[in-house]
């Protein structure tokens, strides 16, 4: 499959660009932060995103979604990255949908997917337990109880966990702490007894909840996929998330870069535009290359997810690693090249650096992805 | 079956039948690379056969038109051919500045007679070309070149000196930048000439490099007569051709990393061994995977750039990006290969030491970010043409 956008995808890119610029620009991100908004995003914006088909971008048409696929989802995420738009796009439209599509029974899919597409039900993935991403590192237990299981344990960094209606919880039904085998996924209603959800405000002004599970009773029908075989589903969910985050970070990189190059063309020192200094030109040109490489890996990962490529995991890790590194460089250079004003809260450039940092950490940074890649490649 | 899949099946069958077994092993030494030419020394009968078969099919230049000796393949078909060759680890049948550099410029700027004369011979590997660009006083500032070509009516009289002429001592013909109008502004007096290296007055002298090898020469022109019909394009417009050709040269130099070699990690596995399912040297493992992330990202970018060009999309000055990034990557690869070999990599002479191939390769790669436009010149071009930064 060629690494170019087709006409439909270009249309989605253009409409996403226009939408987020108008409805959820960086100024709106600033407003949400300054008002300490409890939800962390604008629910009206999310309702409009549902109307646009964004919420259901991965939901199959048979379940009322747009069924556009991962390349389209990535284009939406890229626009979100450029505008720093807060929305439960990742938690619900990408992670929640992928969990249901990859592991859900026909009943679960029929129950939840249309609600996701309509923007009426929010999901959150409660998988990670350690501060450093380690998907098989799961201590939360699921022990048989009644016609289902009782869940006990704790989860950290559950994106949009404080507003989610349904949690996708990874728990261990058997096996040792770092073993992929024996992990089971559960669909848990956020109002379940025994569930403690604490909102944490993060450096990027997004929300990630800490969640405690104290004898949370779930029904056998709430198991997602097979008992003990949840890790393969979790990997698919995480890979979709990694590719989507790579796309969001690509948006962060391009916008930070554009703003920085514009600044180089305006700011004068020593009687000339600072963009005429070769030391800055070479760094900007190098950064341009890094962002272009990040774009290639991101598109490849999204195409791989859409085409069911057997190397989709490989490409997802590659994209997450490369786009993360590009975003780190783009935002660090962004602040540095803005000089003193780049350190102030008055201008937006710092927001991009904060978001890039959080997105890098989410579902594994380059150290994690590099190790995963090396293992997949046999070293 | 879709056309492209039947093409894949035919291609696979043809390669199975026609690619000699010896040509399905990794390139291990310089003589494994075939450069063709009048005086070509084939290292084996298989190498000769492989070139002849691929040349006859036009698959040394799959996307060139068939009337010029090419395969006439579409971009998608060429991708299939490349992937089928990779599948059986087939070596490239021909390495050629004619293919990578002159060919694209000839297709764009050459007249019909020049195309028909030169392109098929390039495709079949019959004529080996070298590039007369740099001069002692014209390196990064190439347009200040001084080699003169005086209009003598029916021919040009060429006098001057070129330097860093790759394989000038082995080449049959040269494509050469000359100054035809000494009074014009520096970019406007330049013309693009093609001539036979066997012409009276041409001499070459190899330059010994830090690697010990002499792939580059000084090339001298002393009253060399070049027929007027060997002028490519328009007199005084040679700089446009020079720049166009440089974009292909830069892509070629940048693209070297994907030429079917073992990856760094494959070599590391063999050399360093494994422990508990990961590379035994965990420190180097981190360095290697960082390199391979970039190498892969770069290979995907090459692919995307070609796809975008085919679809009429893409950004300018890409060749500068590819040249800059590709050569820096190759240098990083060579550094890692040296690290993987440790002190064994320092061996320099003697058959038991592989004649110092590794160290010489590492040293050779230092030139990648100098030849064909330095990394710094390419960053200048990106800053100026893509980012439109002031005063660059």
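Results, tabulated for the structure shown:
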read-out: Residue B:6 paired with residue B:385, simple spin-label distance in nm, labels 7 Å along Cα-to-beta-carbon; value: 4.1
read-out: Per-residue Cβ neighbour rank within 10 angstrom, fewest leading, A:249, B:23, A:353; value: A:353, B:23, A:249
read-out: Residues in segment A:206-247 that a label on residue A:131 would reach, taking backbone N under 20 Å of a point 7 Å out along Cα→Cβ; value: A:206-212
read-out: Degrees, to the nearest 10: B:75-87 long Cα axis against longest axis of chain B; value: 50
read-out: Projected-area mean, the protein assembly as shown, by convex hull of Cα positions, square nanometres; value: 36.3
read-out: Residues in segment B:56-89 that a label on residue B:310 would reach, taking backbone N under 11 Å of a point 7 Å out along Cα→Cβ; value: B:74-82
read-out: Estimated Rh, chain A: Kirkwood, alpha-carbon pairs, angstrom; value: 21.0
read-out: Tail fraction, Cα-Cα pairs, segment B:279-392, threshold 24 Å, whole percent; value: 42
read-out: Dimensionless Rg/Rh of segment A:97-230 - Kirkwood Rh, Rg from C-alpha atoms; value: 0.94
read-out: Inverse of mean 1/r across different Cα pairs in segment A:232-376, Kirkwood, Å; value: 15.7
read-out: Label zone at residue B:196 (point 7 Å along Cα-to-Cβ), backbone N below 12 Å, segment B:204-233; value: B:225-227
read-out: Inter-site label distance for residue B:275 and residue A:217 at 7 Å from Cα along Cβ, in nm; value: 5.3
read-out: Rounded to 10°, Cα long-axis angle of helix B:282-310 versus longest principal axis of chain B; value: 50
read-out: Selected from B:24, B:128, B:91 as most flexible by GNM, with chain B as the system and alpha-carbon contacts under 10 Å; value: B:24
read-out: Simple spin-label estimate for residue A:51 and residue B:262 in nanometres, 7 Å along Cα-Cβ; value: 6.1
read-out: Fraction of the pair-distance distribution of segment B:56-129 above 22 Å, Cα-Cα pairs, percent; value: 19
read-out: Against the rule of thumb 2.2 N^0.38 Å, how large the Cα Rg of segment B:3-95 comes out; value: 1.06
read-out: Intensity falloff of segment B:129-236 expressed as log10 I(q)/I(0), Debye formula with alpha-carbon point scatterers, at q = 0.16, 0.19 Å⁻¹; value: -0.65, -0.90
read-out: Helix axis angle, B:45-57 relative to chain B longest principal axis, alpha carbon, degrees; value: 60
read-out: Long-range tail of P(r) for chain B (Cα pairs > 42 Å, %); value: 13
read-out: Residue A:311/residue B:374 FRET efficiency (R0 51 Å; Cβ-Cβ; nearest 0.05); value: 0.90
read-out: Efficiency of FRET between residue A:21 and residue A:120 - r from beta-carbon atoms, R0 25 angstrom, step 0.05; value: 0.45
read-out: Prolate/oblate/rounded label for segment B:225-356 (Cα gyration tensor, a/c 1.5); value: oblate
read-out: Among B:301, B:327, B:343: highest mean-square fluctuation, GNM of chain B, C-alpha pairs under 10 Å; value: B:343
read-out: Listed residues B:227, B:351, B:215, most fluctuating in chain B (Gaussian network, C-alpha, under 10 Å); value: B:351
read-out: Spatial separation of Cα centroids for segment B:132-192 and segment A:85-105, in angstrom; value: 62
read-out: FRET efficiency, 1/(1 + (r/R0)^6) with R0 41 Å, evaluated for residue B:352 and residue B:111 via beta carbons; value: 0.15
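Taken together, the values in this text are just the output of simple stated rules run on the coordinates, not laboratory data. For clarity, every value in this text was computed on a predicted model and none was experimentally measured. Cβ: placed from backbone, ideal geometry, glycine included. Neighbour counts: every protein chain shown.
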